[in-house]
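Participant: Below you will find the structure I want to go over with you.
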Amino acid sequence: MSSVRTLLPPPDTRKVIIKWVVALLLPLCVFTFVWSGEGIVNNVFLGYLGAETSTTFTWTTLIEATIFVAALYMVIIALAGYLTAADSGRRGWIETWVDIVAQVVVPLLLVQLMGLIMGLAASIIVWGAYSFGRSRVRKMLNYTPPPPLASLDTLTEEARAQRVQQATAAGFWFATIFAVISLVADIIYYVAGLVSNTLLIWIVARTIILPIAGYFLGQLGGRTAMRRALKAKENGANGNGVAKSKERQLASLSLARAKEKIREIVPTDQPLLGPGAQRFYMILVVAFAVFYPVIDPLLFGYGTDGRLAAYGDAGYYVILALGLNIVVGFAGLLDLGYVAFFAIGSYVWGLFGSSQFQLLTGITVQPTIWGWLFWPMVIVAALIAALWGIILGAPTLRLRGDYLAIVTLGFGEIIPVIFRELDKYTNGINGIVGVYSPALPGVNWNSITTIPYYYLILALIVLCVFANIRLRDSRLGRAWIAIREDEIAASSSGINLVNTKLLAFGAGAFFSGIAGVYHAAKLGTVSPDNFNFSDSIIYLAMVVIGGLGSIPGVIVGAIAVYAINLQILGQLDTLAASPDNILHVFRSIPNFAFNNVRGMIFGIILVAIVIFRPEGLIPSARRKRELHHEEQKIPEADEGDALEEPPGAPDFEESVRVE
């Protein structure tokens, strides 16, 4: 009977369950039935049976596809349980569903129609337009969001158990409804002759397995949510001591800081934005990135090698953005010559990892050994670039603002000219050709293999992101931020401005050197024409558009700028060449091409970002607070003394605790 009561919650909790079951069914059904989700699942099942339709799978790729499919559906089912348990119930159904449609369903359809990178770039426009429109509608309706502290509450053991039961019911009913929808769809396909008899085994098994898995995964999601709940004391009058203490701490913060902190506590008004939900998203992102080469042909059809090559190019854009974010975003030092360090990293591996090394030194090295030298040379080239970053920073320590920008601009112009003029060593304008690719046992690695380079850039991005996070949260990172805010105050606090600035230039150049080595190895050639002042402006645009000081922001900014710079503009020119396309009207302008107006397009985007969203697409919390000045106190703030509990009272330690 207890299991039945768990799966049939009381009427007052059914609304929350229905809200999140419907909200998550929308994108899952779009992916499964509108896109290729069901096709991927069926191909995986047929692969294990050895069916002819799945002969493209090897055992390795079949296992990888299985892990991806299992992770996708299991995480979404568990997320349904988490959101149900973490929701305060104060937001309405319609508002939540509209958010899901605009922020998840529409981007899914855009990615399906336009491809991954162009679809994500278009999704950024959709998200920005939706956010702008929603704020305008709320302003017209005089909508006031609920105060953040209204959802702050402690949960007794009984209340926590009830929320876990709600999550279990949500996971069960979500999986059951999805199983029924899938069963009805498969019956229709079977009657139409689109489903083979072999798949009937999987259809029956799936219909049985999904509700059972939903029960346990929903419970897992609920227990995950309860880890972030404030636990009430079971001692009578003092049961709300923890909540009062937390409320006093939040009330002392600005409204923006309070909104950030309240999302970390369950229950909350916006569980989709909480750190608990972000862990579920991270699992999906990691699974998608790791197994993407296997599922790409199932999602997008032919052209996998071309897409993987494009993602490799987008990857070094990301690394460059992460490095420049240290200099500009963390330390606040404007750098217009960042392309110089990218060129240094490329030429270091180009000179060392090609036949040019033998011509210059007379040392003969076996060709099979060159690829193995790539791995230590990644660090060596990055250190050389960092050294030149420190050399650049040394004469600029007394400069700020425009003067610093001019000096870095000059350095960025000097380095490519030096490589061009040293034709005895660099072959001048002809560049260095025949740069060797990396080598690993069991990997067929050359300039035309895309999968090894995809995983290489993925590993480099992970390492760079990890290093950025550790630097940001370190004492050095806090010193960079202090210098960005106020150099005089930072110096008065004991921060060594000289060393801190030099380390900022060196760290940023280090990451640029890594990107340069990868670029040279992947392209197989190094030419001075690849490093221009316009590239430095593009790299700076990635950081500004994404969000100064925001690691996820600059990653999104890099992808968006790459999509515009190397894909969208070229695609627009292709469409404009067709007389049947509406863009063909631009052909009436003499010598017009979208690639020729790249600078104007980037200028318009930057102006729009600075005016309407100066903090960037995904801003850091600190930067957002600085620009919006949300320093007003929370309306529900407790005006009592923070030490209103007398020493020795049971709640005295809670009232004075500072987190």
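Participant: Of all residues in region 43-62 being open to solvent by 30 Å² or more (accessible area, probe 1.4 Å) and modelled with pLDDT of 80 or more, which is nearest to residue 298 (Cα to Cα)?
Facilitator: For region 43-62, the residue satisfying everything is 43.
Participant: I'm told residue 35 meets every condition in (1) hydrophobic (A, V, I, L, M, F, W, C); (2) modelled with pLDDT of 90 or more; (3) under 24 Å from the mean Cα position of the chain (by Cα) except one. Can you identify the failing condition by its number?
Facilitator: Tallying (1) hydrophobic (A, V, I, L, M, F, W, C); (2) modelled with pLDDT of 90 or more; (3) under 24 Å from the mean Cα position of the chain (by Cα), residue 35 fails exactly one: (2).
Participant: For region 585-603, what are the residues that are outside any loop (DSSP other than H, G, I, E, B) and open to solvent by 100 Å² or more (accessible area, probe 1.4 Å)? Full working, then the answer.
Facilitator: We begin by selecting, within region 585-603, every residue outside any loop (DSSP other than H, G, I, E, B); these are 585-588, 594-603.
Correct list: 587, 596, 600.
Participant: Suppose we filter region 474-488 for residues that are open to solvent by less than 40 Å² (accessible area, probe 1.4 Å), farther than 19 Å from residue 323 by Cβ and at pLDDT 90 or above; how many remain?
Facilitator: Keep residues of region 474-488 that are open to solvent by less than 40 Å² (accessible area, probe 1.4 Å), which gives 474, 477, 479-483, 487.
Filter once more, keeping what is farther than 19 Å from residue 323 by Cβ: 482, 487.
Applying the additional criterion that residues be at pLDDT 90 or above yields 482.
Count: 1.
Participant: While we're here: Would you mind stating whether residue 317 is under 24 Å from residue 544 (Cβ atoms), of a type in the set (Ser, Thr, Tyr), open to solvent by less than 10 Å² (accessible area, probe 1.4 Å) and modelled with pLDDT of 90 or more?
Facilitator: Working: under 24 Å from residue 544 (Cβ atoms): yes; of a type in the set (Ser, Thr, Tyr): yes; open to solvent by less than 10 Å² (accessible area, probe 1.4 Å): no; modelled with pLDDT of 90 or more: yes.
Taking the combined requirement at face value, the residue does not satisfy it.
Participant: Next question, about the same structure. When you scan region 72-172 for helices (runs of 4 or more DSSP H) that lie fully inside it, which ones turn up with 3 or more residues that are within 27 Å of the chain's Cα centre (by Cα) and modelled with pLDDT of 90 or more? Show your work before the answer.
Facilitator: Working: elements: 93-100, 106-114, 116-140.
Where helices (runs of 4 or more DSSP H) fall fully within region 72-172 and carry at least 3 residues being within 27 Å of the chain's Cα centre (by Cα) and modelled with pLDDT of 90 or more, they are 93-100, 106-114.
Participant: Of the conditions (1) under 23 Å from the mean Cα position of the chain (by Cα); (2) surrounded by fewer than 19 Cβ atoms within 10 Å (Cβ to Cβ), residue 360 fails just one. Which one is it?
Facilitator: (1)
Participant: Tell me, please, whether a residue that is modelled with pLDDT under 80 and open to solvent by less than 60 Å² (accessible area, probe 1.4 Å) can be found in region 613-622. Don't jump to the end; show me each part of the working.
Facilitator: Initial filter on region 613-622 (modelled with pLDDT under 80): 621-622.
Within this subset, residues satisfying the condition of being open to solvent by less than 60 Å² (accessible area, probe 1.4 Å) are 621.
Checked against the condition, which is being modelled with pLDDT under 80 and open to solvent by less than 60 Å² (accessible area, probe 1.4 Å), region 613-622 yields at least one hit.
Participant: Here is a list of conditions, (1) assigned to a helix (DSSP H, G or I); (2) out of contact with any Phe, Trp or Tyr (no Cβ under 9 Å at 6 or more places or on another chain); (3) more than 29 Å from residue 357 (Cα to Cα), and residue 409 meets all of them except one; can you say which number that is?
Facilitator: With (1) assigned to a helix (DSSP H, G or I); (2) out of contact with any Phe, Trp or Tyr (no Cβ under 9 Å at 6 or more places or on another chain); (3) more than 29 Å from residue 357 (Cα to Cα) applied to residue 409, the lone miss is (2).
Participant: Also, quick follow-up: Of the numbered conditions (1) over 19 Å from the mean Cα position of the chain (by Cα); (2) open to solvent by 40 Å² or more (accessible area, probe 1.4 Å); (3) among the β-branched types (Val, Ile, Thr), residue 294 fails exactly one; give the number of that condition.
Facilitator: Residue 294 satisfies every listed condition except (2).
Participant: Shifting gears a bit: Any chance you could count how many residues in region 394-423 are modelled with pLDDT under 85 and of a type in the set (Lys, Arg)?
Facilitator: Counting residues in region 394-423 that are modelled with pLDDT under 85 and of a type in the set (Lys, Arg) gives 2.
Participant: Residues of region 377-433 being within 15 Å of residue 336 (Cβ to Cβ) and of a type in the set (Gly, Ala, Ser), which ones? Step through it out loud before you land on a result.
Facilitator: Looking only at region 377-433, we keep the residues that are within 15 Å of residue 336 (Cβ to Cβ), and these are 389, 392-393, 396, 399-416.
389, 393, 401, 405, 410, 412, listed by residue number.
Participant: Another question, if that's okay. Consider residue 69 carefully, then state whether it is free of Cβ contacts under 8 Å to residues at least 40 places away in the same chain and either assigned to a helix (DSSP H, G or I) or open to solvent by less than 10 Å² (accessible area, probe 1.4 Å) (or both).
Facilitator: Numbers: free of Cβ contacts under 8 Å to residues at least 40 places away in the same chain: yes; either assigned to a helix (DSSP H, G or I) or open to solvent by less than 10 Å² (accessible area, probe 1.4 Å) (or both): yes.
Yes.
Participant: Given the criterion open to solvent by 60 Å² or more (accessible area, probe 1.4 Å), in contact with a helix residue (DSSP H, G or I) (Cβ under 7 Å, 6 or more places away or on another chain), in a helix (DSSP H, G or I) and not acidic (Asp, Glu), identify the matching residue among 369, 379, 418, 429.
Facilitator: On the way: 369 fails: in contact with a helix residue (DSSP H, G or I) (Cβ under 7 Å, 6 or more places away or on another chain); 379 fails: in contact with a helix residue (DSSP H, G or I) (Cβ under 7 Å, 6 or more places away or on another chain); 418 fails: in contact with a helix residue (DSSP H, G or I) (Cβ under 7 Å, 6 or more places away or on another chain).
Going through 369, 379, 418, 429 in turn, just one is open to solvent by 60 Å² or more (accessible area, probe 1.4 Å), in contact with a helix residue (DSSP H, G or I) (Cβ under 7 Å, 6 or more places away or on another chain), in a helix (DSSP H, G or I) and not acidic (Asp, Glu): 429.
Participant: Then there's this: Just wondering, is there one or more residues in region 605-615 that are small (Gly, Ala, Ser), without any contact (Cβ under 8 Å) to a residue 24 or more places away in the chain and assigned to a loop (DSSP other than H, G, I, E, B)?
Facilitator: no
The values are calculated or read from the model by the stated rules, or taken from the named source; none is laboratory data. None of the values given here were measured: they were computed from a predicted structure. Note that each Cβ is placed from the backbone with ideal geometry, even for glycine, and that neighbours are counted across all protein chains shown. Areas reflect the complete protein model, heavy atoms only, side chains present, ligands, DNA and RNA absent. Shrake-Rupley method; radii C 1.70, N 1.55, O 1.52, S 1.80 Å.
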